[in-house]
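The values are calculated or read from the model by the stated rules, or taken from the named source; none is laboratory data. For clarity, every value in this text was computed on a predicted model and none was experimentally measured. No Cβ is skipped: glycine too gets one built from the backbone with ideal geometry, and neighbour counts run over all protein chains shown.
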Amino acid sequence: ACGRPRGPLGCPGPAPGSLTQAAAPPLSPVGISRDNWHKRRKTGGKRKPYHKKRKYELGRPAANTKGCTETAAVSWECLEGVGSAVVVGHLVLLVHGEIGPRRIHTVRVRGGNKKYRALRLDVGNFSWGSECCTRKTRIIDVVYNASNNELVRTKTLVKNCIVLIDSTPYRQWYESHYALPLGRKKGAKLTPEEEEILNKKRSKKIQKKYDERKKNAKISSLLEEQFQQGKLLACIASRPGQCGRADGYVLEGKELEFYLRKIKARKGK
């Protein structure tokens, strides 16, 4: 009487469009494949797939390792005495936003090996080549990328991108190694700890060693300007999406001049 199609037992079936009506099975997601045997030949002919897809032929999404957000551009000295900031290890929380801790995922790859996919990093090891000094320091900002300006806007850390790093660890090493101030304004007041390092009374033998070091303590004017600002330009030499680290070196000499010109030209656009 209702006009519905009847089931095998003579009972009326579900109304068209009702929730009980069987839906079409969902389509299985198709993965990205980096093989070439599914493509046509150069002559235009089709190839017969004579084996199934292989795990080593898959394509994974890019890591797009994120650096620090704009709230990260706060030096550790600035955080002293600030009531709205909390420092927990390498995690800095501010009132206007937060920087999450580093996040690294492990990926099982061919041969049972592991890759370390860095999704978020805020520190790295950077080498000051001319002084043979490597220190772990904070990554402040991404300022230049030769391949893509979009990676600068999104603060993505990739190999060979130019970043700003905190100069404090290098300044502390320089002052303790040479007993000379670096990146300080004239007449700047020193803390008791810094006073002890720079103006400490030493024996004649030790003082002679420091005097010999001071003969080679000269650094370039461009680097000195950066130390005064508390930030150094550095280049990332590792691959954060593969090894899970953002390590690199401090820019110096002709390379520093080149990238300063590039950054200035980009800002002028």
Inset, instruction - Determine, yes or no, whether Gly111 is farther than 19 Å from Leu251 by Cα and out of contact with any helix residue (DSSP H, G or I) (no Cβ under 8 Å at 6 or more places or on another chain). - result: yes
Legend entry - Residue in the stretch 222-235 that is part of a loop (DSSP other than H, G, I, E, B) and within 28 Å of Lys262 (Cα to Cα) present: yes
Inset, instruction - Quick one: in the stretch 41-61, of everything that is surrounded by 10 or more Cβ atoms within 10 Å (Cβ to Cβ) and among the charged types (D, E, K, R), which residue is farthest from Pro240 (Cα to Cα)? - result: Arg47
Legend entry - Count of the stretch 136-158 residues which are over 15 Å from Ser238 (Cα atoms) and either among the small types (Gly, Ala, Ser) or out of contact with any strand residue (DSSP E or B) (no Cβ under 6 Å at 6 or more places or on another chain) (or both): 8
Legend entry - Phe258 vs. criteria at pLDDT below 95, more than 19 Å from the chain's Cα centre (by Cα) and closer than 30 Å to Asn149 by Cβ: no
Inset, instruction - Among what's in the stretch 159-199 and is crowded, with 17+ Cβ neighbours inside 10 Å, touching a residue at least 60 places away in the same chain (Cβ under 8 Å) and not hydrophobic (A, V, I, L, M, F, W, C), pick the residue that is farthest from Glu255 (Cα to Cα). - result: Thr168
Legend entry - Test set (1) hydroxyl-bearing (Ser, Thr, Tyr); (2) in contact with a helix residue (DSSP H, G or I) (Cβ under 7 Å, 6 or more places away or on another chain); (3) touching a residue at least 40 places away in the same chain (Cβ under 8 Å) - Ser127 fails condition number: (2)
Legend entry - Complete set of residues in the stretch 240-255 that are surrounded by 19 or more Cβ atoms within 10 Å (Cβ to Cβ) and either part of a helix (DSSP H, G or I) or among the aromatic types (Phe, Trp, Tyr) (or both): Pro240, Gly241
Legend entry - Residues that are touching a Leu at 6+ places or on another chain (Cβ under 6 Å) and either under 14 Å from Arg171 (Cα atoms) or exposed (fewer than 10 other Cβ atoms within 10 Å of the Cβ) (or both), drawn from the stretch 200-227: Ala217, Gln226, Phe227
Inset, instruction - Tell me, yes or no, whether the stretch 228-239 has at least one residue that is under 30 Å from Asn113 (Cα atoms), in contact with a strand residue (DSSP E or B) (Cβ under 6 Å, 6 or more places away or on another chain) and surrounded by 17 or more Cβ atoms within 10 Å (Cβ to Cβ). - result: yes
Inset, instruction - For residues that are polar (S, T, N, Q) and assigned to a strand (DSSP E or B), tally how many sit in the stretch 112-161. - result: 5
Legend entry - Scan of the stretch 173-192 for residues that are more than 19 Å from Gln207 (Cβ to Cβ) and either among the β-branched types (Val, Ile, Thr) or not in a loop (DSSP other than H, G, I, E, B) (or both), ordered by number: Trp173, Thr191, Pro192
Legend entry - Answer from Val109, Val92 - the residue that is modelled with pLDDT under 50, of a type in the set (Val, Ile, Thr) and out of contact with any His (no Cβ under 8 Å at 6 or more places or on another chain): Val92
